[in-house]
Amino acid sequence: MSQPIIQAKNLDFYFKDFKALDQVNINVPQGSIYGFLGPNGAGKTTTIRILLDLFRASTGEISVFGKSLKTDRDEILGRVGALIENPSIYKHLSGRQNLEVVRRMAGVGKRRIDDVLEIVRLKDNADKKVKNYSLGMCQRLGLASALLTDPDLLILDEPTNGLDPSGIIEMRELIKTLNKDHDKTIFLSSHLLSEIEKVATDVAIIDQGKILYEGKLEGLKSGNDIQELRIELNDSTKALALIQGMNFTISDSNTHYIELPIESREDIARINKALVEEGIDIYQLKTSSENLESVFLNLTNRLDQ
């Protein structure tokens, strides 16, 4: 097996007395789309800032491309492109002019601007003022800036945050294209579990500064015996309180149904019996294969509110 393109060992980080990261270990395979999942405040952005040497970990070691971030910082960061939170762009300039500013700072050839505009599908809007761009177009412009140096590794922090459904789909397909057709390893941070499930080859789940799982996406599912149980019934309010009192985590509900991850058929029988004994009418009990969200809820044992 080849050496991971990113390897972080035993990272700790504190904000004053608050421990934001607790012995974080990550291994990002070369050529992967590595989904870094966690609720808000879990430690995702802090980890990314440490990987980019914007924060310094209290303890731990980081190597990228097989080199130490401490001793080979400039060489490493020269091969990394990053989009952290909202891109820094000048609204009064056109998309092309924004890229020209970055190009001059990065010292790359002018031809590269047309190349990246083509990749992110902004060539037809390159000469429009950015103030007239949609949020999705702004995100793609930020990604174009990150691609100017033709990096081997892309680090993207919540790139679909705030986008409408069409913008999310555009970004999702772009990430796949960059990985498959342009040989980019992509470290993708997100709290959108369904999106990660659609694009990631490898996954890490972080919560409260600790890594709960790392490995292949299929391994995350196959390593758990959980299924999703959907209960259709006449009184979800009463049933919710009862099921939560039995130490189950609710993944979704409305007035007519409840969905929750379960670990065995015995769980179904136990829940059914408890509901019937409380006089709650059950119209249907249905199980389905778990999705990534079910596994996430099981690992963290709480909803991301």
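Structure data summary
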item: Two-site label geometry, Asp150 and Gln284: point separation in nm, points 7 Å out along Cα→Cβ; result: 5.5
item: Whichever lysines have a C-alpha closer than 30 Å to that of Lys16, once near sequence neighbours (fewer than 8 apart) are set aside; result: Lys44, Lys67, Lys70, Lys210
item: Cross-link partners of Lys286 among lysines (Cα-Cα below 21 Å; sequence separation of 8 or more within a chain); result: Lys221, Lys238, Lys273
item: Selection from Tyr90, Pro165, Phe187 lying farthest towards where the dipole of the stretch 75-229 points positive, charges on Cβ; result: Tyr90
item: Computed over the chain: relative contact order in percent, which uses C-alpha pairs under 8 Å that are six or more apart; result: 19
item: The stretch 6-222 - share of DSSP beta bridges that are antiparallel (%, nearest 5); result: 50
item: Gained length - Asp74 relative to Lys129, 0.36 nm times residue gap less alpha-carbon distance; result: 16.5 nm
item: Computed [θ] at 222 nm, helices only, for the chain once each DSSP H run of length n ≥ 4 contributes -39500 (n - 2.57); result: -10500 deg cm²/dmol
item: Acute angle (nearest 10 degrees) that the helix 265-277 long axis makes with the longest principal axis of the chain, alpha-carbon atoms; result: 50
item: Crossing angle, helix 165-181 versus the chain [Cα axis fit, 0-90 degrees, rounded to tens]; result: 60
item: Charge dipole (debye, nearest 20) of the stretch 227-289; +1 at Cβ of Lys and Arg, -1 at Cβ of Asp and Glu; result: 60
item: Average projected area [Cα convex hull, the stretch 227-289], square nanometres; result: 3.6
item: Charge context of Glu173, other residues only, Cβ under 12 angstrom, K/R +1, D/E -1; result: +3
item: J(HN,Hα) series, the stretch 91-101, from Karplus relation 6.51 cos²θ - 1.76 cosθ + 1.60, nearest Hz, glycine and proline x; result: 5, 7, 9, 7, x, 5, 5, 4, 5, 5, 4
item: Phe187, Phe36 arranged by Cβ crowding within 10 Å, fewest neighbours leading; result: Phe187, Phe36
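None of the figures in this text is laboratory data; all of them are computed from the coordinates on show. This one's a predicted model, so the numbers in the text were calculated from it and none came from an experiment. Counting neighbours? That spans all protein chains shown, and the Cβs are built from the backbone with ideal geometry, glycine included.
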